[in-house]
1. Tell me, please, whether a residue that is among the charged types (D, E, K, R) and modelled with pLDDT of 95 or more can be found in region 299-317.
2. Considering (1) part of a strand (DSSP E or B); (2) touching a residue at least 60 places away in the same chain (Cβ under 8 Å), say which one Leu194 fails and leave the rest.
3. Applying the selection to region 115-169, what residues are closer than 21 Å to Gly309 by Cα, within 15 Å of the ligand (Cβ to nearest atom) and hydrophobic (A, V, I, L, M, F, W, C)?
4. Take region 170-190 and flag every residue that is away from the ligand (no atom under 15 Å from the Cβ), of a type outside the set (S, T, N, Q) and assigned to a helix (DSSP H, G or I).
5. Quick one: would you say Val166 is part of a strand (DSSP E or B) and touching a helix residue (DSSP H, G or I) at 6+ places or on another chain (Cβ under 7 Å)?
6. From the list Tyr260, Tyr247, exactly one residue is within 16 Å of the ligand (Cβ to nearest atom), farther than 26 Å from Glu34 by Cβ and either at pLDDT below 95 or touching a Gly at 6+ places or on another chain (Cβ under 9 Å) (or both). Which is it?
7. So if I check each of Ile114, Ile82, Ile86, Ile134, which one is touching a His at 6+ places or on another chain (Cβ under 9 Å) and either at pLDDT 95 or above or surrounded by fewer than 21 Cβ atoms within 10 Å (Cβ to Cβ) (or both)?
8. Which of the residues belonging to region 271-281 are surrounded by 14 or more Cβ atoms within 10 Å (Cβ to Cβ), out of contact with any Ser or Thr (no Cβ under 6 Å at 6 or more places or on another chain) and on the phi < 0 side of the Ramachandran plot?
Amino acid sequence: MSNPLASKALNLQHLLAISDLNRPNIEFLLDLGEKYLDLSVQKGPAIKILAGKTLINLFFENSTRTEKSFELAGRRLGADVISMAIARSSVAKGETLLDTAATLNAMNPDLLVIRHGASGAPALLAQKVSCPVINAGDGTHEHPTQALLDALTLRNRLGQLDGLRVAICGDILHSRVARSNVQLLNILGCEVRLVGPTTLLPADADRWGVEVFHDMQSGLKGCDVIMMLRLQLERMAGSFVPSKREYFHFYGLDRTKLDYAKPDALVMHPGPMNRGVEISSDIADDPDVSLITRQVETGVAMRMAILHGLADANPGGVS
Ligand code: NCD
């Protein structure tokens with residue numbers, strides 16, 4: 001694909017957090033993602049921009065969407081893609097992350113994608129390798145590529161994000177998706193709200209540049225977009241909600257609660273979904289309101305743009 005946007009337009013070594021990005025970098029990546037959204041462009045023969053380059057996917061935590069979409073994105077751009085199954089690698093034999101990094105670096109990858117249960121692991125890896133590192137989710141810290149794909153999904157559907165009122169609802173406390181989205185949506189001019197029970201909201205939420213609500217009726221009022229989050233039970237030590245049934249009653253998105261938002265409000269969810277816990281199937285599967293499948297589709301295009309942009313911006317690797 002001929003890229004009319006010069007590589008120098010992206011000034012970025014790694015994508016570890018939304019704070020790595022300024023507005024021009026964000027616009028650059030979203031514009032490039034938009035081009036890749038056109039399926040004929042994604043699958044065309046002329047876009048083997050990463051031919052001869054190696055992408056290593058390093059997933060220390062389970063993933064369906066993110067890992068597969070990075071794999072597909074890399075392959076569509078012509079890269080050699082290696083996905084490390086951590087359970088079968090030397091990490092299971094006790095190798096430290098830094099030793100793994102040194103081993104991987106010796107293989108001279110051109111791009112490294114990492115998901116890890118510890119917040120900050122991708123940043124540590126980035127100090128030890130000589131290629132761009134992309135954070136595919138670290139602990140409860142950040143998930144910047146998810147936020148970018150969410151922004152692209154909205155921009156593609158609505159034309160622009162400026163002035164949108166977006167409610168992010170549910171288990172904010174354990175959500176790296178929420179942390180990245182709040183920052184990105186704020187930069188892009190949205191009015192962001194967090195809605196959830198006190199037990200699932202971080203203590204410092206009032207310093208995130210958002211409005212905080214504890215009930216769906218007032219939180220969803222006048223919203224253009226509702227982003228639902230999974231109850232991240234695997235990150236909860238102890239009990240944060242009385243029961244899933246009660247949680248759905250107060251915070252699960254159903255028709256009644258959807259009606260609190262604007263009449264044409266759109267619903268998003270990063271997946272995996274717990275149907276009947278944070279969202280009803282009726283809403284999740286309604287093509288008129290749900291962008292959930294579109295988010296997955298957009299994820300591949302957005303990741304193609306991120307891989308392409310970073311590879312182009314760092315032709316000789318990073319120091
Ligand atoms: C999210 C994640 O892993 O942080 N999923 C994803 O990447 N699509 C959200 C979640 O696990 O609930």
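The values are calculated or read from the model by the stated rules, or taken from the named source; none is laboratory data. Note that the structure is predicted; figures quoted are calculated from it, not measured. Please note: Cβ atoms are built from the backbone with ideal geometry, for glycine as well, and neighbour counts cover all protein chains shown.
1. Scanning region 299-317 turns up at least one residue that is among the charged types (D, E, K, R) and modelled with pLDDT of 95 or more.
2. Every condition holds for Leu194 apart from (2).
3. Within region 115-169, Ile134, Ala136, Ala147, Leu148, Leu149, Ala151, Leu152 meet the criteria.
4. Leu185, Ile187 - these are the residues of region 170-190 that are away from the ligand (no atom under 15 Å from the Cβ), of a type outside the set (S, T, N, Q) and assigned to a helix (DSSP H, G or I).
5. Considered against the rule, which asks whether it is part of a strand (DSSP E or B) and touching a helix residue (DSSP H, G or I) at 6+ places or on another chain (Cβ under 7 Å), Val166 comes out as yes.
6. The conditions single out Tyr247.
7. Of the residues listed, the single one that is touching a His at 6+ places or on another chain (Cβ under 9 Å) and either at pLDDT 95 or above or surrounded by fewer than 21 Cβ atoms within 10 Å (Cβ to Cβ) (or both) is Ile134.
8. Met273, Asn274, Val277, Glu278, Ile279, Ser280
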